[in-house]
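Data block below; observations after.
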Amino acid sequence: MSETALRLGVLASGRGSNLQAIIDAIEAGRLQARIEVVLSDRADAHALDRACGHGIKAVFVDPKAYAARDLFDSAVVGALRAHQVELVCLAGFMRLLTPGFVAEYRGRIMNIHPALLPAFPGLHAQRQALEYGARVAGCTVHFVDEGVDTGPIILQATVPVLDDDTEESLSARILVEEHAIYPRAIQLFAEGRLAIKGRRVIILDGDRVRS
Ligand code: GRF
């Protein structure tokens, strides 16, 4: 394991429960990382309050202040660079990253998605699974590429879909698993144990120091 904590930047647009799971894992010593900055495209994101509550720098980047998506993304990348972020974690960030952003942090951006990819990408994934009639649902942590929820898969967890499930009850069951696998995936990255081979992510054994 690396001697120094992995420097994280978290991007979030909303309630921030996955951010909280990362914070909790760090505080519990299960994740050797440090959140350098939390960035949001929404001033009212509860994620910003959660960060402040834990003494983490929290910054609202106003999309309206930028004439184009790539200019907004440049501002975000600038903030991540300024904090020497090594891994970018999307945690309910409701904007697509521009190719320039992805290129800047290729192989160093993770996302959590509330479905078993490649099924049900995009918005309302839990509702999609329910309406499709899937018997099993779940969540996926993946590296981010230029597509929508298409990058190489790191970890997945499954939950059953019950006959009386609503979108809310299924989402809640999936969320429990999200909070478990996201910090775990980040810890694997921190240990230098994730190798991307084409579409596949190989989980390496043992105590490698990340490069
Ligand atoms: C989660 O369901 C996550 O999988 C999806 O957006 C939601 C964010 O929730 N990408 P939270 O803000 O982390 O509570």
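The values are calculated or read from the model by the stated rules, or taken from the named source; none is laboratory data. From a predicted model like this one, the values you see are computed outputs, not experimental measurements. Don't worry about glycine lacking a Cβ; one is built from the backbone with ideal geometry, like all the others, and counts go over all protein chains shown. The accessibility values were calculated without ligands, DNA or RNA, using every heavy atom of the protein model including side chains. Shrake-Rupley method; radii C 1.70, N 1.55, O 1.52, S 1.80 Å.
With a sphere of radius 14 Å drawn around the Cβ of Ala172, what net charge do the other residues whose Cβ falls strictly inside it have (Lys, Arg +1; Asp, Glu -1)?
-3
Once you sort the root eigenvalues of the Cα gyration tensor of segment 29-84 as a ≥ b ≥ c, which label holds: rounded (a/c under 1.5), prolate (a/b larger than b/c) or oblate (the other case)? Could the numbers behind the result be given before it?
On the way: a/c = 3.09, a/b = 1.57, b/c = 1.97.
Since a/c reaches 1.5 but b/c is at least a/b, the shape of segment 29-84 is classed as oblate.
In a shell of Cβ-Cβ distance under 15 Å around Ala115, excluding Ala115 itself, what net charge do Lys and Arg (+1) and Asp and Glu (-1) give?
-3
Of Leu162, Leu188, Leu31, which has the largest mean-square fluctuation in a 10 Å C-alpha GNM of the chain?
In this elastic network of the chain, the residue with the biggest mean-square fluctuation among Leu162, Leu188, Leu31 is Leu162.
Let me make sure I get this right: for segment 49-132, a, b and c are the square roots of the gyration tensor eigenvalues over alpha carbons, sorted descending. Under 1.5 in a/c it's rounded, otherwise prolate if a/b > b/c, else oblate. Which is it?
Numbers: a/c = 1.82, a/b = 1.54, b/c = 1.18.
Prolate.
Please give, to one decimal in nm, the separation of the simple spin-label points placed at Arg184 and Arg127, each 7 Å out from Cα toward the Cβ.
Calculated label separation equals 2.9 nm.
What does the C-alpha gyration tensor say about the overall shape of the chain? Classify as rounded when a/c is under 1.5, otherwise prolate if a/b is larger than b/c, or oblate.
Working: a/c = 1.44, a/b = 1.19, b/c = 1.21.
Verdict is rounded for the chain.
Hey, can you find the accessible area per residue of the chain for me, probe 1.4 Å, expressed in square angstrom?
I get 49 Å² per residue for this part.
Go through Val38, Val136 and list them by solvent-accessible area, largest first, probe radius 1.4 Å.
Val136, Val38
What full-extension length gain, to one decimal in nm, is calculated for Ser169 and Ala67 as 0.36 nm per residue of separation minus the Cα-Cα distance?
Here the segment from Ser169 to Ala67 would lengthen by 32.8 nm.
For segment 180-202 and segment 1-53, compute the distance between their C-alpha centroids and round to whole Å.
Taking the Cα centre of each part, segment 180-202 and segment 1-53 sit 18 Å apart.
Kyte-Doolittle cut-off 0.0, length cut-off 30 Å along the helix's own axis using Cα: show which whole DSSP H helices in the chain pass.
Details: long enough: 167-190 (33 Å, 0.20).
Counting only whole DSSP H runs, the qualifying helices are 167-190.
Could you point to the residue in Ile174, Ala137, Leu194 farthest towards the positive end of the chain's charge dipole, with +1 and -1 charges on the Cβ of Lys/Arg and Asp/Glu respectively?
So the residue furthest toward the plus end is Leu194.
How many percent of DSSP beta bridges within segment 1-159 run antiparallel, rounded to 5?
On the way: 10 of 26 bridges.
Bridges in segment 1-159 are about 40 percent antiparallel.
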